[in-house]
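The values are calculated or read from the model by the stated rules, or taken from the named source; none is laboratory data. Note that the structure is a prediction, hence the values are computed from the model and not measured. As a convention, Cβ positions derive from the backbone with ideal geometry for all residues, glycine included, and neighbour counts pool all protein chains shown.
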């Protein structure tokens, strides 16, 4: 391999790295361990975790009751099928599970269509902002400071090196809601998206209709981030929004030391083709039987895929 690329030694591959930054010693890692040793190690580490305490440190990440029967149901052959969802003929169970999940999310959020494949709520919010920029052709975003601070950090990571500016607007201290006057002043004809969270980081429900009016007046899209999905069981869905990004951890996903969990994006139908991630659609096969496929995840020149898109819409 070295001869093929014209290098005399392995060290030549790293010549571009200054000598003072090269590691010249062996890595300080422990010796290899057998399976039983690894299991013992993690059992001992688990004993250090505090148990039987109520946790208020999650900032949107909490333990939720999950019926024990779920573990059995999700592994039934009707839902858990082999390989990735891209090969529809052997993954009908997985595709149906995704489709039914998307349907539930659309009903909960009041949107027309939903996906099922963001890493978590933070990356979902960032992808929603990029989606709004593609839809509008604009390059600026206005973000409420009541959005989860880690979500805002992730958004800045996404936009920092793409020279896509964001403006952050504050809140009214007495109410914990977005300052509507400041929002109206910040949204311009160059704004692609307004990103708010409801219930917000303080647990306060934002005035979504008023925020939507301000955003739409300037031609911007409204993105509502939902960090607590279970809240939609009692809170009116943000139907005035154009895009909804959501963290679905509270539906029963384990804490997993902080994630990632289950991010979702839902949107109005006209923005369907700009949605990121996987999107499962319902169609029929050559014999007229109900079936499921991934749509907008590959070539669109296949008749069955166009049929699936039509059914999805």
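So the values come out like this:
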read-out	value
From 154, 135, 143, residue being closer than 15 Å to residue 195 by Cβ, in contact with a strand residue (DSSP E or B) (Cβ under 6 Å, 6 or more places away or on another chain) and surrounded by 12 or more Cβ atoms within 10 Å (Cβ to Cβ)	143
Residue tally, condition farther than 17 Å from residue 222 by Cβ and either in a helix (DSSP H, G or I) or out of contact with any helix residue (DSSP H, G or I) (no Cβ under 6 Å at 6 or more places or on another chain) (or both), over region 107-119	5
In region 165-197, residue modelled with the lowest pLDDT [restricted to those that are surrounded by fewer than 18 Cβ atoms within 10 Å (Cβ to Cβ), out of contact with any helix residue (DSSP H, G or I) (no Cβ under 7 Å at 6 or more places or on another chain) and within 28 Å of residue 260 (Cα to Cα)]	165
In region 1-54, residue nearest to residue 256 (Cα to Cα) [restricted to those that are touching a helix residue (DSSP H, G or I) at 6+ places or on another chain (Cβ under 8 Å) and loosely packed, with under 10 Cβ neighbours inside 10 Å]	10
Count of region 255-269 residues which are over 13 Å from residue 120 (Cα atoms) and in contact (Cβ under 8 Å) with a residue 40 or more places away in the chain	4
When residues of region 210-234 are limited to those that are in a loop (DSSP other than H, G, I, E, B) and over 17 Å from residue 62 (Cβ atoms), the one nearest to the chain's Cα centre (by Cα)	220
Lone unmet requirement of (1) over 23 Å from the mean Cα position of the chain (by Cα); (2) closer than 25 Å to residue 284 by Cα; (3) outside any loop (DSSP other than H, G, I, E, B) for residue 82	(3)
Any chance residue 159 is within 17 Å of residue 191 (Cα to Cα), without any contact (Cβ under 8 Å) to a residue 40 or more places away in the chain and in a loop (DSSP other than H, G, I, E, B)	no
Those residues of region 79-106 which are farther than 28 Å from residue 271 by Cβ and either in contact with a helix residue (DSSP H, G or I) (Cβ under 8 Å, 6 or more places away or on another chain) or buried (at least 19 other Cβ atoms within 10 Å of the Cβ) (or both), in sequence order	79, 80, 81, 82, 83
Condition check for residue 57: out of contact with any helix residue (DSSP H, G or I) (no Cβ under 8 Å at 6 or more places or on another chain), more than 30 Å from residue 219 (Cβ to Cβ) and either modelled with pLDDT under 85 or crowded, with 20+ Cβ neighbours inside 10 Å (or both)	yes
Odd one out for residue 146, checked against (1) over 17 Å from residue 220 (Cβ atoms); (2) part of a helix (DSSP H, G or I)	(2)
